[in-house]
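Colleague: First the structure, then my questions, so here it is.
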Amino acid sequence: MLLNATVASVALAEAENDLLTLDQAVTLALQNDPWLLGSRYQQRATEALAESAYQLPDPKFSLALANLPTDTFDFEQEAMTQLLVGVSQMYPRGDSRRLKREQLTLQSASQPLMRQERQAKLRLTITQLWLEAYQAKQSVQLIQRDRKLFDQLVDISQASYSSGLRGTGQQDLIKAQLEQSRIEDRLTLLLQKQDMAEQKLLEWLLPALSDASMPMTGFHYATELPLLRIDYSSDYPDGLQPQALSHTTLASHLTGHPSIQIVDQSIAAAATAVQLAKQKYKPEWGVSASYGYRGEDAMGRDRADLFSAGVSVTMPLFSTVSQDKEVEAAIASQEKIRTERSLMLRQMIASFNSARAQLSRLQQRQQIFDDKLLPQVKQQADAALNAYESDNGSFIEVVRARIAELNTRIDYLDITVARLQQIAQLNYLLTTTESATDSFTLSQPGVTHE
């Protein structure tokens, strides 16, 4: 109840401000993920099963009336007639109880790792979706900001065409109107993309948002992108420099990722399963004891009561083939998990190298846009407008220059967002069990790479 009240208050505050930042979205997603709660219940259930598996099976008690004569049903007629009270206890094979508890304990210990991996994956997913929605909304704002200018240019061209000034022809007017229609279509497409991204984001934020009556679409985003840094440990040599990073070093670091640690726990549990299968070569023991009460004989003399005790043992004499195959299957299952670990590690290395390469190229493109493209397209647009106002240029060149400037700014936004998405991907891959916690900081403005 306290958690729900806290989440509702946070969501309500956001609703009042009509603002959804990245770290707020991640916070709500982590607090409202039912999988994390289910994992805690699963861990508790497995721990309980581990303790249960270590206990001895319940003893069996018996009560029987033996050798009662059927002609008279007289308890004291025959010497063999007796009332039997017995108890028996079975002891599992070898160390099977301890090994079963160890196996379940290892399975239970994988749940915290699974929660860490889930949290890291959830941060990545929310970051990607939030950035997609942010990118679409900022693109819409860029188009809407220039849309008024295009409308003014079209109005000017219509007036010039009607008055026959500045040599504006019908072809120029039609081209200007065509570009105006294309901008309208592009704006509608971006609004559609924004709605889709926000609805996907809401999937992870419910039920808190619905409880707080937060608007289902049309979030307001911060004007500045969040601060995302590549988070690598101090023992990670030279950061992300390609010339200093070997596959061996990278693989060694990635083995600390929660997903790899989960597989390692599975391998350990499979090794215990092999030892558990080998216990079937050992006998299963059982002890029993019974007390037989007898009545008096026909002469009224007491008969001695009887006590019996015994030991039973199961010897694997005719089932060795079955036991051999069970051990073989357990070993094969363990090796299969090892191959899955190798495959997962290879995929993570490939994903890391791919994300790092993309990040490097995106940084290069961002630098080109900062140093050359953005200033150049602005100069081109200003020059085209000045030439048109001086009757030295055509109207269609003004429109084209403005569209080129708009496209360049949108491309720059796409590069900036794509760069942040690659940083988020790298941070997910660099997550270790030591660094995976419930706390995170994404609230600072700007973009840095350290």
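The values are calculated or read from the model by the stated rules, or taken from the named source; none is laboratory data. All values reported here derive from a predicted model rather than from experimental measurement. Counting neighbours? That spans all protein chains shown, and the Cβs are built from the backbone with ideal geometry, glycine included. The protein model used for the area step is the full one, side chains on, heavy atoms only, and it has no ligands, DNA or RNA in it. Shrake-Rupley method; radii C 1.70, N 1.55, O 1.52, S 1.80 Å.
Colleague: Please work out the Kirkwood hydrodynamic radius for segment 371-432, using every pair of different C-alpha atoms, and report it in angstroms with one decimal place.
Modeller: 13.6 Å
Colleague: Roughly speaking, what is the stretch gain from residue 325 to residue 191, that is 0.36 nm per residue apart minus the C-alpha to C-alpha distance, in nm to one decimal?
Modeller: Separation in residues times 0.36 nm, less the Cα-Cα distance, equals 42.1 nm.
Colleague: Can you send over the solvent-accessible area of residue 246, 1.4 Å probe, protein chains only, in Å² to the nearest 10?
Modeller: Roll a 1.4 Å probe over it and residue 246 shows about 50 Å².
Colleague: Give the peptides 190-201, 338-349 in descending order of average Cβ contacts within 10 Å, highest first.
Modeller: Numbers: 190-201: 17.4, 338-349: 13.8.
Order by mean packing, descending: 190-201, 338-349.
Colleague: Could you tell me what % of all Cα pairs in segment 317-407 have separations over 22 Å?
Modeller: Considering segment 317-407, 65 percent of its Cα-Cα pairs are separated by more than 22 Å.
Colleague: For residue 49 and residue 171 in one chain, what is 0.36 nm times their gap in residues minus the Cα-Cα distance, to one decimal in nm?
Modeller: Full extension from residue 49 to residue 171 adds 35.9 nm.
Colleague: Do the alpha carbons of any pairs in 121/378; 121/280; 193/372; 60/336 sit beyond 31 Å of each other, and which pairs?
Modeller: In this structure, 121/378; 121/280; 60/336 lie more than 31 Å apart at Cα.
Colleague: Once both labels are modelled 7 Å past Cα along the beta-carbon direction, what's the residue 363-residue 391 spacing in nm?
Modeller: Label at residue 363, label at residue 391, 5.4 nm between them.
Colleague: With equal scatterers on the alpha carbons only and no solvent term, can you work out the Debye log10 of I(q)/I(0) for segment 272-425 at 0.11 1/Å?
Modeller: The computed values of log10 I(q)/I(0) come out as -0.78.
Colleague: For residue 35, what accessible area in Å² do you get when you roll a 1.4 Å probe over the heavy atoms of the protein chains, rounding to the nearest 10?
Modeller: Answer for residue 35: close to 90 Å² accessible.
Colleague: Let me ask something else about it. For residue 67 and residue 297 in one chain, what is 0.36 nm times their gap in residues minus the Cα-Cα distance, to one decimal in nm?
Modeller: Details: separation 230, 0.36 × 230 = 82.80 nm, distance 1.45 nm.
Gain on stretching residue 67 to residue 297: 81.3 nm.
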